[in-house]
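Undergrad: What follows is a structure written as structure tokens; I'll ask about it next.
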Amino acid sequence: MKRAGFVCLIFLVIGCVSQRKVANRHQAISISGLRLINQFSLPSAMMFKETVVGGLSGIDYDAKRDLYYMICDDPSTKGPARFYTARIPISDTGIDSVQIVDMTALLNPQARPYTDITKDRIHSADVEAMRYDSKRDELIWSSEGQRYLRDGKQELQNPSVILMQRDGRYLDSFQLPPILHIQLEEKGPRHNSVFEAIGIDETASHVYIGIEEPLYEDGPRAAGGDSSGWVRIVKFNRALKQSVAQFAYRIDPVPHPSNPPSAFKINGVSDILCLGNDQFLIIERAWSTGRLPSDVRLYLADAKGAQDVTSLSLKTQPPKKPITKKLLLDLNSLGLFIDNMEGVTFGPTLPNGNRTLLLVADDNFAKGQRSQFLLFEVVP
């Protein structure tokens, strides 16, 4: 999208953080809580290599190189479809700076940059999420596709999951099940509400793709009051590049009404972080017209024993065993302005051996919004 009862204890971590000391990401990760260390924001409309730095919709940490890869959701209107590489030094007070060190264009199967969406929608890339596969030294990114039915146009483009080298070169793509194909009728994914989240499991054997909002077959979008919605988490076999299961996850209602009441509002899954043993940290991010901050909740989710809903319409056959979830942290409890959080990753470990967790916000290239980073200590 363009544009979570644990009580969080806010504190400053004492001691210098070793950027090189990183816990083994192949172990199951226990999280009982999060403690905020600090926040940091990039300057608005910051330029780097003739591109506007913003639209940061995903982040992942390359521990070997001590680098962060951040996908940008600009569909080639302010530069090529791209990702940024950054260093994020952390001191005893948290994030000192976010140093952009490179910009890499995403290349299509013909080894060319993707087209500007305003000129050629069908061949553009509406990028929303990206993960680093350290086992294969590759990147995996997702595009939401297009279901554009306006102004007399019928422009349909399937969402995609792409494998890419770190230099931006296209390698391959995943095969999508038919239910995830864009259709002219109100079936399948909604426009701009598709592959918003990616997680890679602890052995890099499976990739999990989070669909932001309900498919048409799965019922209405989340609204106010007690109006929640069912979304899907799709499990792909990494080697086969095929879907092997789909699980149902219930998103919360939109917390605040829009102003005016008929204006846009949304709640959906904006990222997934695999914890091991079929457990996840999931970001639910909501926003309502007329309200400046976003409403962001972090949930611990468990898919063990969850029902495979691949062949079901969740609107007519609600799942008997969905993914379970437990609120880890409502970011509004921090007392900070919370922007459009769309990416999450583990970072380096602290001197006490605990992990760090970083969140990044997509500023939508809009005045009044921020490319905001939040740094937490993970309490095991």
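No value in this document is a laboratory result; all are computed from the given coordinates. Predicted, not measured: the structure shown is a model, and the values here were computed from it. Every residue, glycine among them, receives a Cβ derived from its backbone with ideal geometry; neighbour counts consider all protein chains shown.
Undergrad: Using the Cα centre of the chain as the reference point, and only Cβ charges (+1 on K/R, -1 on D/E), how large is the resulting charge dipole? Debye, rounded to the nearest 20.
TA: 260
Undergrad: Now for a separate question. Of 187/326; 135/321; 265/367; 119/235; 187/235; 304/326, which ones are farther than 25 Å apart at the Cα?
TA: The answer is 187/326; 135/321; 119/235.
Undergrad: Which length gain, in nm to one decimal place, applies between residue 32 and residue 203 when the Cα-Cα distance is subtracted from 0.36 nm times their residue separation?
TA: Working: separation 171, 0.36 × 171 = 61.56 nm, distance 2.28 nm.
Roughly 59.3 nm would be gained on extension.
Undergrad: If you don't mind, another one. Distance from the Cα centre of region 147-193 to that of region 321-380, in angstrom?
TA: If we compute the Cα centre of each part, the gap is 28 Å.
Undergrad: Still on this structure: Go through 317, 294, 123 and say which Cα lies farthest out towards the positive end of the charge dipole of the chain; charges sit on Cβ, +1 for Lys and Arg, -1 for Asp and Glu.
TA: In the chain, that residue is 317.
Undergrad: Treat each spin label as a single point 7 Å out from the Cα along the C-beta direction, and report the residue 108 to residue 123 distance in nm.
TA: In this crude spin-label approximation the distance works out to 0.4 nm.
Undergrad: Further question on the same structure: Which one of 41, 327, 364 has its Cα pushed farthest toward the positive end of the charge dipole of the chain, where Lys and Arg give +1 and Asp and Glu give -1 at the Cβ?
TA: Selected residue: 327.
Undergrad: Going through region 248-355, which trypsin sites (Lys or Arg not before Pro) have at most 11 other Cβ atoms within 10 Å and a DSSP loop state?
TA: Passing both the DSSP loop test and the Cβ count: 304, 320.
Undergrad: Determine which residues of region 337-373 fall in the zone a paramagnetic label at residue 77 would reach in this model, i.e. backbone nitrogen under 13 Å from the point 7 Å along Cα→Cβ.
TA: 364-367
Undergrad: Shifting gears a bit: Quote to one decimal, in nm, the extra length available between residue 187 and residue 44 on full extension: 0.36 nm per residue of separation minus the C-alpha distance between them. Could you put the intermediate results ahead of the total?
TA: Working: separation 143, 0.36 × 143 = 51.48 nm, distance 3.83 nm.
So the extension gain works out to 47.6 nm.
Undergrad: Note the full-extension length gain between residue 99 and residue 155 as 0.36 nm times their separation in residues minus their Cα-Cα distance, in nm to one decimal.
TA: Result: 16.3 nm gained on full extension.
Undergrad: If you project the alpha carbons of region 33-379 onto the principal axes, what extent comes out on each, in Å, largest first?
TA: If we take the Cα atoms of region 33-379, the spans are 53, 46, 44 Å.
Undergrad: Convert each backbone phi in region 75-92 into a coupling constant with the Karplus relation 6.51 cos²θ - 1.76 cosθ + 1.60 (shift: θ = phi - 60°), then list the ³J(HN,Hα) values in order as whole Hz, x for Gly and Pro.
TA: x, 6, 9, 10, x, x, 3, 7, 10, 10, 10, 9, 9, 10, x, 10, 10, 5
Undergrad: Then there's this: Quick check: from the Cα gyration tensor, does region 208-331 come out rounded (a/c under 1.5), prolate or oblate? Write out the running numbers ahead of the final one.
TA: Working: a/c = 2.11, a/b = 1.54, b/c = 1.36.
Prolate, since a/c reaches 1.5 and a/b exceeds b/c.
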